[in-house]
Ligand code: PMP
């Protein structure tokens, strides 16, 4: 069979199992009220938790940054693509997260693809939560270390794995907020286990940075945790409203990452104008207590208005609120019924989530109104009753 025939067969198979993904095209700036495929929609899809993506101060900062720095960086950071504004951003992120040093990347995917391989390799072991983000899974595989996956949030299972391990070096890897579940990892217990077993702890705070903790300093700040054994990854395309990512931690470790991470070394530095605008984004996050309070109020409103009977409101204390439906086609049917009333909520299906746990994934933003939430909850209850 030719490759083309094989791929056609695979696509048809996915189609028959309701697993084909469609891209929708937006014609308005990121925000709850969007024109999508030509239709006015109320969106509950984005990771723009604080509603900063379309904030006028960020648009102005990008324009100002472009006027000052022009377009691209021209090269990778270690050649000639590193600018003073990248230095300023790294210093700001280190101070903001309470770490000694931070290193800025173009995307979080690239941090996660590269960081484990820089720290551990053959003869070492990675211990990973089973629901970690795909980029962490890929990064663990790339490192060639043993890859142990423990049941989601199960610190006892992790303790057993650590106790039985004879690996030379040990690295525990977890999301802080799980992106498809919205729950938070037991970070205090994970750090205690790391200390007890001479392991390091890498926390992907993609969905916590800007949202959780005092001034939005992230999930570790929310849990009151700081330690030289900790490395934190933050993304800048979610609450920060722009694009990019960073890893932060002990200065020597970050220096090692800069020297060795292939996903840092062999890629073009992000535009300095973006770094310029990100400095404004961090200021907005730091002074964004009112936005975070609003987001929490919307979370409470949403959860309080959903006495579901057949579907399951999954436990969440974050702006990510999944509703488990189970069956792929039923989840897709619910998303389609919502879409038909002008509500955009994604159906998340395997392989993104485990088999038989297809779900609607609601993402809230401080830019939503209480009226937006009421419209959503009214329709969710109506559609559940019809299914
Ligand atoms: N980690 C998690 C938990 C994520 O949800 C994402 C984005 N979906 C990433 C990492 C990747 O970040 P980026 O979008 O900056 O590549």
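The values are calculated or read from the model by the stated rules, or taken from the named source; none is laboratory data. Please read these numbers as outputs of a predicted model, since none were measured by experiment. Ideal geometry is used to build each Cβ from the backbone, glycine not excepted, and the neighbour counts take in all protein chains shown.
Tabulated values for the structure
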quantity	calculated
Flag if residue 93 is assigned by TED's automatic domain parsing to the domain that holds residue 192, in a loop (DSSP other than H, G, I, E, B) and either at pLDDT 95 or above or under 20 Å from residue 176 (Cβ atoms) (or both)	no
Test: residue in segment 360-370 that is in a helix (DSSP H, G or I) and either crowded, with 19+ Cβ neighbours inside 10 Å or in contact with a helix residue (DSSP H, G or I) (Cβ under 8 Å, 6 or more places away or on another chain) (or both)	yes
Residue 159, sole failed condition from (1) within 12 Å of the ligand (Cβ to nearest atom); (2) farther than 30 Å from residue 366 by Cα	(1)
Selection from segment 105-119 of residues that are part of a helix (DSSP H, G or I) and either on the phi > 0 side of the Ramachandran plot or near the ligand (Cβ under 8 Å from one of its atoms) (or both)	108, 109, 110, 111, 112
Top-ranked residue of segment 328-337 - restricted to ones that are at pLDDT below 95 and within 25 Å of the chain's Cα centre (by Cα), ranked as nearest to residue 360 (Cα to Cα)	332
Number of the condition not met by residue 350 [criteria: (1) at pLDDT 95 or above; (2) touching a strand residue (DSSP E or B) at 6+ places or on another chain (Cβ under 9 Å); (3) assigned to a loop (DSSP other than H, G, I, E, B)]	(1)
Search result, residues across segment 26-60 that are touching a helix residue (DSSP H, G or I) at 6+ places or on another chain (Cβ under 7 Å) and in a helix (DSSP H, G or I)	57, 58
Matching option when the condition is at pLDDT 95 or above and more than 12 Å from the ligand (Cβ to nearest atom), among 231, 242, 202	231
Subset of segment 205-227 [within 13 Å of the ligand (Cβ to nearest atom), within 13 Å of residue 317 (Cβ to Cβ), in contact with a helix residue (DSSP H, G or I) (Cβ under 8 Å, 6 or more places away or on another chain) and in a loop (DSSP other than H, G, I, E, B)]	208, 211
So residue 63, is it over 19 Å from residue 280 (Cα atoms), away from the ligand (no atom under 16 Å from the Cβ), at pLDDT 95 or above and in a helix (DSSP H, G or I)	no
Residue list for segment 133-156, filter: surrounded by fewer than 23 Cβ atoms within 10 Å (Cβ to Cβ), under 22 Å from residue 198 (Cβ atoms) and either within 13 Å of the ligand (Cβ to nearest atom) or outside the structural domain of residue 233 (by TED's automatic domain parsing) (or both)	none
Single unsatisfied condition, residue 340 versus (1) under 21 Å from the mean Cα position of the chain (by Cα); (2) free of Cβ contacts under 8 Å to residues at least 40 places away in the same chain	(1)
Selection from segment 283-324 of residues that are within 13 Å of residue 376 (Cα to Cα) and out of contact with any strand residue (DSSP E or B) (no Cβ under 8 Å at 6 or more places or on another chain)	298, 301, 304, 305
Test: residue in segment 175-183 that is surrounded by fewer than 23 Cβ atoms within 10 Å (Cβ to Cβ), away from the ligand (no atom under 16 Å from the Cβ) and not assigned by TED's automatic domain parsing to the domain that holds residue 312	no
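So that you can scan it fast, the table gives a plain yes or no per residue for (1) farther than 30 Å from residue 144 by Cα; (2) within 16 Å of the ligand (Cβ to nearest atom):
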{"site": "70", "(1), (2)": "yes, no"}
{"site": "87", "(1), (2)": "yes, no"}
{"site": "91", "(1), (2)": "yes, no"}
{"site": "98", "(1), (2)": "yes, no"}
{"site": "121", "(1), (2)": "no, no"}
{"site": "130", "(1), (2)": "no, yes"}
